[in-house]
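Quick notes on the structure that follows.
The values are calculated or read from the model by the stated rules, or taken from the named source; none is laboratory data. Quantities reported herein were computed from a predicted structural model and do not represent experimental measurements. A quick note on method: Cβ atoms are made from the backbone with ideal geometry, for glycine too, and the neighbour counts reach across all protein chains shown. Side chains included, ligands, DNA and RNA excluded: accessible areas come from the protein's heavy atoms. Shrake-Rupley method; radii C 1.70, N 1.55, O 1.52, S 1.80 Å.
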Amino acid sequence: MDRCPITDAASELSRLPAAVEKAKQQLDELFKKARKEVGEKDAEIFQAHISMLEDPELIGMIENLVTEQHINLEAAVWDAAEHYAQLLSQLEGEYFQARAVDVRDVGLRLVAVLQNRPFQPQLSLSKPSIILAKDLTPSDTVQLDKTMVLGFCTVEGGETSHTAILARSLGLAAVVGCPNEILELTDGSLVILDGYQGKLYVDPDKALLDEYEKRLEAAKGLKQRTLARCHEPAVTKDGKRVEVVANIGNVQGAKTAIQHGAEGVGLLRTEFLYLERATMPDEEEQVQAYREIVKVFGKMPVVLRTSDIGGDKEIPYLNLPREMNPFLGERGLRLCLTNPQLFKPQLKAALRAGEGFNLKIMFPMVTVEDEIHQAKQILDQCKEELRKEGKTFAADVEVGIMVEVPSAAIMADKLAPIVDFFSIGTNDLTQYTLAVDRTNPHLIHLASAFAPAVLRLIRMVIDSAHTCGKWVGVCGELAGEPLAIPILLGMGLDEFSMNPIAVPLAKHILRSLDVPIAKRIAERALTLPSAEAVKTYVRQEMQSLSIEID
C-alpha cells in the first residue's frame, strides 16, 4: 500500500465521507446482484459490509491515524482494516477467520474508491476452470463468471466461508481447508475435484481420469433426468406420496423453487425484511412482501417462520445487547415474546397475507410448552385486533413450531397436542445436541446431523407427532441430503423441505424406494456408532439397490 506523509489532516479527511458513500453504493449493487444469483440469505454478507463502513470504531481509527501519524488516507484505511482483521484472525473459530476476510475486503474496496479506480475481482477466467486459492473474498466470488467456474478449492475457510456458501447455492463442488501445497500448482494443471469426498487429485493417471469422467457424465445424466421429472409427485414404489417443498427467503427463491418442482414452502425465512434496513418494517410492508410470495404458490402450502433474529443477527434499531454466547441467547421466539412491537405486526401481516392461500405460521427456537401458549395467545390477540380494524385475514391458519432445541424434541409428546405440526431444524438441533459449534473447522467431524443421537431425537419427534395425528417436516440441511432421505422416509417423515436445487434429486430418490426397505435402513442406521458409519452403511444400501444419488 502506497503511503506518504501529509501536512493538512483536515483536508485529507474531507475525502473520506464521499468515498464511504460511494463504496456503500457499490456494495448495495453487489448485494442486489448476489440476491438474484444465490438468494437473499447468502447475499446478506454485503449488507454486513455496509455496516462495517458505518462502524464508528473503524472510522474513528482511520481518522486518528491520519491526524496523529500524518499519513495519507489510503494508508490509514488499510492500516485500520488490517488492525481489525488481525484481531479477528487471532480469535478461535472459523467464523471469525471468515470475518477477517470481510474486513480486508471492505478496506481494499474503500482504498480503490479513494484512488478512483474500479475494484475488480482478482480472478478472471477465459475458460471453464477449477479455482485454487488461499481464500476468496466475497467481492471475488460474487463477480466471477459463474459459467466459467467448475469448482473451488481453498486453503482457508470452512463451512461458513463464502467459498463454501456460494458453492452450495450454485450447486458447485467445493473443498476447503486444503494444504498450502495446492498454491504451488501452475495454471493449466490437470486436477480432479471431488466435492462429495472432499478430495483434490493432482495429475491423475488415465485410470482415475477415466473413472471420474464416467462419474461426471453419469452425474450430468442424472441431473437431466431428475430435472425432466421434477414436476411429478414423489411417490414411493409402494405408493406412498411424500411432500417435497423448499426453503426460501424471497420472491426469487419462490420462483426458483417452482422451477425445480417444489410443491410448496416448508420454511419461509422472514429475516430479510429486518436485516436490510435502519428501521423496523411496518405491517403493510410485510403484508405486501408475504403476499407476493404466496401468490407464486397459489394453493400450495407455505410455512412462514416468524422472525428468527437476535443473538448473532444484529438488528441495530432494536438495540439488542451483545451476548457472550448468542446461539444460547435471546433469539427467535424468545426475543419475539419480549418484544411485542416486533412480533405483533408480523403476525397480523402473516394473517392478512394468508387470506385465500395455504399459509401456515411456525415459531422458531421453542424451548418449553409455556412459550407456545404465550405465542398462541398473542396470535389470538392479533386476530381480535384485525376484526376490530375491519380487516380480512386467515382465521383458521395452522400453527406449528420448529423443533431445534433438544428439550423440545424430548418433550415432543407433550407439545404435539397443542400445535398443528412440527418442523425439525436439524442444523441447530445437531449443534445443541452434540454441544458442537458448527462453524468450528476443528469439529467438523462431530457436527453431523447423521449422528445417531440426532437421528434418535428426530425419530422421537416423528413418533410423538404421529401418535397425536400431527404431521412432521424437516427443514434443516438434512432433508436434502441424498443419504438421509431413506432414513427419514423410513422414520415416517411427512415433509422434506430443502434448497430448491436439491428438489429434483430428492424426488428421484423417494420414487426409487419403498417404505419397508426404508424402514429397515432407518432401524439399522439408529444402531450404528457414528455419523460416518451411518453414511457408509446407507451408501452401500443405495448401491445394492442400484439407486443413483450422485
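Observations
- Take the conditions (1) at pLDDT below 75; (2) small (Gly, Ala, Ser); (3) open to solvent by less than 20 Å² (accessible area, probe 1.4 Å); GLY157 misses just one of them, which is (3).
- The residue that is farthest from the chain's Cα centre (by Cα), counting only those in the stretch 216-226 that are touching a residue at least 40 places away in the same chain (Cβ under 8 Å) and open to solvent by 70 Å² or more (accessible area, probe 1.4 Å), is ARG225.
- Each residue in the stretch 521-549 was checked for being open to solvent by 30 Å² or more (accessible area, probe 1.4 Å), without any contact (Cβ under 8 Å) to a residue 60 or more places away in the chain and not in a helix (DSSP H, G or I), and 2 pass.
- Listing of helices (runs of 4 or more DSSP H) fully contained in the stretch 419-492 that carry 1 or more residues being touching a residue at least 40 places away in the same chain (Cβ under 8 Å) and farther than 23 Å from PRO529 by Cα: 452-467
- Tally of residues being under 16 Å from ALA234 (Cα atoms) and in contact with a Gly (Cβ under 7 Å, 6 or more places away or on another chain) across the stretch 516-550: 1
- The stretch 59-77, residues that are touching a residue at least 40 places away in the same chain (Cβ under 8 Å) and either open to solvent by less than 60 Å² (accessible area, probe 1.4 Å) or outside any helix (DSSP H, G or I) (or both): ILE59, ILE62, VAL66, HIS70, ILE71, ASN72, LEU73, GLU74, ALA75
- Residues of the stretch 170-205 classified as on the phi > 0 side of the Ramachandran plot and open to solvent by 60 Å² or more (accessible area, probe 1.4 Å), total: 2
- Tallying residues that are in contact with a Pro (Cβ under 7 Å, 6 or more places away or on another chain) and either closer than 13 Å to ALA502 by Cβ or open to solvent by 10 Å² or more (accessible area, probe 1.4 Å) (or both) within the stretch 259-276 yields 4.
- Scanning the stretch 255-302 for residues that are closer than 29 Å to LYS223 by Cβ and in contact with a Ser or Thr (Cβ under 6 Å, 6 or more places away or on another chain) yields GLY266, LEU267.
- Matching residues in the stretch 496-512 - criterion: being touching a strand residue (DSSP E or B) at 6+ places or on another chain (Cβ under 8 Å) and surrounded by fewer than 23 Cβ atoms within 10 Å (Cβ to Cβ): ASN499, ARG511
- Check on GLU355, farther than 19 Å from SER307 by Cβ, of a type outside the set (Val, Ile, Thr), open to solvent by 60 Å² or more (accessible area, probe 1.4 Å) and not in a loop (DSSP other than H, G, I, E, B): no
- Qualifying residue in the stretch 246-254 (condition: under 15 Å from ILE130 (Cα atoms) and modelled with pLDDT of 90 or more): no
- Here THR279, THR306, THR367 are screened, and the one residue that is of a type in the set (Ser, Thr, Tyr) and open to solvent by 50 Å² or more (accessible area, probe 1.4 Å) is THR279.
- Total residues in the stretch 401-430, condition open to solvent by 20 Å² or more (accessible area, probe 1.4 Å) and at pLDDT below 95: 1
- Here the helices (runs of 4 or more DSSP H) wholly within the stretch 254-346 that include at least 3 residues being under 20 Å from GLY356 (Cβ atoms) are 283-297.
- ALA465, sole failed condition from (1) farther than 20 Å from LEU510 by Cα; (2) open to solvent by 10 Å² or more (accessible area, probe 1.4 Å): (2)
- Residue check, ARG109 outside any helix (DSSP H, G or I), at pLDDT 70 or above and among the charged types (D, E, K, R): no
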